[in-house]
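Asks: This is the structure I want to talk about, given as C-alpha cells.
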Amino acid sequence: MASFLIVDDDPKILMFLSELVESQGHACDQALTLKQGLGLCLENPYDIVLLDLEFPDGNALEVLPDMIRSPSSPEVIIITGTGGISGAKLAFKYGAWDFIQKPFIMEEVFLPVSRALEYRKGKQQPPPVQLKREKIIGDSAVIQNCLDTVARASATRVSVLISGETGTGKELFARAIHDNSQRASGQFIPINCGAIPESLAESTFFGHCKGAFTGADTERQGVVCQADQGTLFLDEIGELPLNAQIALLRVLQEKTVRPIGAKQEIPVDFRLVSATNQDLEQMVRQGRFRQDLLFRLRSMAIELPPLRDRGDDLEKITLHQVHRACRENHIEIKGISPDFISVLISNPWPGNVRELVSALEAAVAASCSDPMLYPKHLPPEYRAAALDIRPGEPAGHAPADIHGIQDNDCDAFPTLPRYRQNTERQYLEAVIRRVQGDRKKACTLSGISQARFYELLKKHGLSLSRTGAGPGPST
C-alpha cells in the first residue's frame, strides 16, 4: 500500500482523485489549500503527490521544490487546468514526475501513477551527499535545486551544460562538479572561448609540435591534453568558432586528439563542462552553433537563477562577501545596517552576484574606519534605486516621453535608475487598476511569478487593493 497526498482547491476533483486512489488500495490524505498541502508534505511520508497548479493562496510551482525535497522525496504529478507548455517545462525542471491537464480521463491519471509507483518501488535511496560548495553561498529553493543537479552530475562522467545570466556563478558550479567527482584529483582547466582568436583555436585546444608552423618554436600541450583525467571547463561556449566546434565534436566522439604537426593521435580521458549566457538552441536555428555538438554538451543541464530570483540568498551573500573583503584588507569585520540591505534588495542587479560583490567591495573601501555599513557607503547609482519617488512629485517624476525633453534641458532628463524606478511603479499601478485585485490575473498579465510580483509591490509600497501607500499622491 502506497501513501498519497492530493492537493486541489476543487472539492469535486479532490473527491474523484481520492476515490480513484483508495479504490487501488492506497492510503490518501487531502488538502484544499497550498499551505495545508505543503505542511502535510513536510510532516508526513508520502509516495505520490497529486498537485493542482493554481490556488487562491499561491502557485504550486513556488513550493514544488520544497515538496520534492521533503523527507520522503515523493513523486509529484501536476494535474491542472492552467499552465501550458511553459508551466510544464518549469515543473519538469523542478523534478515533477508528470504534467496532466484538465479535463482528463481516468487512464490519463492512472498510467503515470502506476509508472511512478513502479519506479518508487525499484529505486534505492542514495545516501545524503555532502557537497564541497565552499564558495557557493545560499540556500534558496532554486539554488538547492541546482545543487541537487550538481550532486547527480558529480556521480557521473557525462558532459554538463551550465546556463545563466552573466555573473550568476557558472564557473563556481563547474568547479563544484569537478571537486565532488572522482576526477577531483585531476586538473580543472578553465578556458574562456570568447578570448581565443579563431586563428589560434586549434592550437589552444589540441596543442602543436615544434616547427609545425611559423612561430612554433617549442612544443605546446593543448588544454584538452592538460585536462586528461580531469575536467575541461569551456566558458562562453557559444563564442566558439564553427570550425573549432567541428574539431571539438570529433574529440568528444573519438576520445583522441592530434596536435598540429603530429603524426599520431593521443588518447584523452577528460570530463567536459560548458557554460553559456546565450540561447544555444536559437543559435542552432540561426546556423551559428552545431546541433550535434549541443547534444554532446547537454547530457545534463543546469540553469542558474539570476540573483533577483534568489530571495534571502542576497543577504547571506552580502554577509559572506563583506566579511571576506574585511579580512583581505586586514580591517575589523564591519556590521551591516538594515537600511544597507534594503537598498541592495531594491536593486535589480543585472550583473548578478559578480556586480553585487563589486558594489560591496566599493562600500567596504568607502567606509574607512566606520564600524558599520550604511547606504551612504554604496556608489550613488545603487542608492538611487531604493528611493520611493512617486509619480507627480517634481523631484523624482520621470516624464512619460523622455524624447520630448529639449536637448538643452539637461536638468530635466532623469538618471536611468530614477527613470526605471518611476516607470516600474507606473507599470505596476496600471496592472493593479486593470486586474482589480485578481492575483492570478496580475501575474498572468505581467508575465512574472507571484513571488516576484509581490516583491515589487513591497518595493514600491503598493498592494493589489490600493495603488498608493504612505504620503503623496497615487495614480
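The values are calculated or read from the model by the stated rules, or taken from the named source; none is laboratory data. Predicted model, so just to flag it, every value in this text is computed and none were measured. Backbone-built Cβ (ideal geometry, glycine too); neighbour counts: all protein chains shown. When the accessible area is computed, the model is the full protein with side chains, heavy atoms only, and any ligands, DNA or RNA have been set aside. Shrake-Rupley method; radii C 1.70, N 1.55, O 1.52, S 1.80 Å.
Asks: With a Förster radius of 35 Å, plug the Cβ-Cβ distance of E62 and A184 into 1/(1 + (r/R0)^6) and report the FRET value to the nearest 0.05.
Replies: Efficiency at R0 = 35 Å is approximately 0.50.
Asks: OK, next. If packing is taken as the mean number of other Cβ atoms within 10 Å per residue, what is the order of 161-169, 66-74, highest first?
Replies: Output ranking for 161-169, 66-74: 161-169, 66-74.
Asks: With labels modelled as points extended 7 Å from the Cα through the Cβ direction, what inter-label distance (nm, one decimal) is found for S73 paired with M15?
Replies: 3.8
Asks: Here's something else I'd like to know. Using a probe radius of 1.4 Å on heavy atoms only, what accessible surface per residue do you get for the chain? Whole Å² is fine.
Replies: Ligands and nucleic acids excluded, the result is 52 Å² per residue.
Asks: Which one of M283, N422, S3 is farthest out on the positive end of the charge dipole of the chain, using unit charges on Cβ (Lys, Arg +1; Asp, Glu -1) and the Cα centre as origin?
Replies: Sorting the options by dipole projection puts first M283.
Asks: How big is the equivalent ellipsoid of the stretch 86-216 along its three axes, where each semi-axis is √(5λ) from the Cα gyration tensor, reported in whole Å from largest to smallest?
Replies: 41, 19, 16
Asks: Select from A153, I79, A325 the residue farthest towards the positive end of the dipole of the chain; place +1 on Cβ of Lys and Arg, -1 on Cβ of Asp and Glu, and compute about the Cα centre.
Replies: Of the options given, the answer is A153.
Asks: Need the full-extension length gain, E134 to A301, defined as separation in residues times 0.36 nm minus the C-alpha distance. One decimal, nm.
Replies: Going from the current span to full extension adds 58.0 nm.
Asks: Follow-up question, since we're still on this one. Please report the accessible area of K89 (heavy atoms, 1.4 Å probe, ligands and nucleic acids excluded) in Å², nearest 10.
Replies: About 140 Å², ignoring ligands and nucleic acids.
Asks: Tell me the net charge near I331. Cut-off is 14 Å between Cβ atoms, I331 excluded, with +1 for each Lys or Arg and -1 for each Asp or Glu.
Replies: Net charge around I331: -1.
Asks: How much of C225 can a 1.4 Å solvent probe reach, expressed as accessible area in Å² and rounded to 10?
Replies: Answer for C225: close to 20 Å² accessible.
Asks: How would the stretch 27-111 be classified by its alpha-carbon gyration tensor: rounded, prolate or oblate, with rounded meaning a/c under 1.5 and the a/b versus b/c comparison settling the rest?
Replies: rounded
Asks: Might you report the magnitude of the Cβ-based charge dipole of the chain about its Cα centre, with Lys and Arg at +1 and Asp and Glu at -1, to the nearest 20 debye?
Replies: Dipole magnitude for the chain comes out near 700 debye.
Asks: For the stretch 224-351, what size does the Cα cloud have along each of its three principal axes, sorted from largest down, in whole Å?
Replies: The principal-axis extents, from largest down, are 64, 38, 22 Å.
Asks: Under a Cβ-Cβ cut-off of 13 Å, what is the net charge of the residues other than F16 that fall near it, where Lys and Arg count +1 and Asp and Glu count -1?
Replies: -4
Asks: Report, to the nearest whole %, how much of the accessible area of the stretch 23-63 belongs to carbon and sulfur atoms, 1.4 Å probe, protein only.
Replies: Within the stretch 23-63, the accessible surface is 53 percent carbon and sulfur.
Asks: When all C-alpha to C-alpha distances in the chain are sorted into bins of 20 Å, what percent of pairs does each bin hold, rounded to whole numbers?
Replies: All Cα pairs considered, the percentages come to 19, 44, 32, 5.
Asks: Which net charge results when you count Lys and Arg as +1 and Asp and Glu as -1 among the other residues whose beta-carbon is under 10 Å from that of H377?
Replies: +2
Asks: Within the accessible area of the stretch 184-263, what % is carbon and sulfur when the probe is 1.4 Å and the other protein chains stay in place?
Replies: 46
Asks: What part of the accessible area of the stretch 271-325, given as a whole %, is carbon or sulfur when the probe is 1.4 angstrom?
Replies: 40
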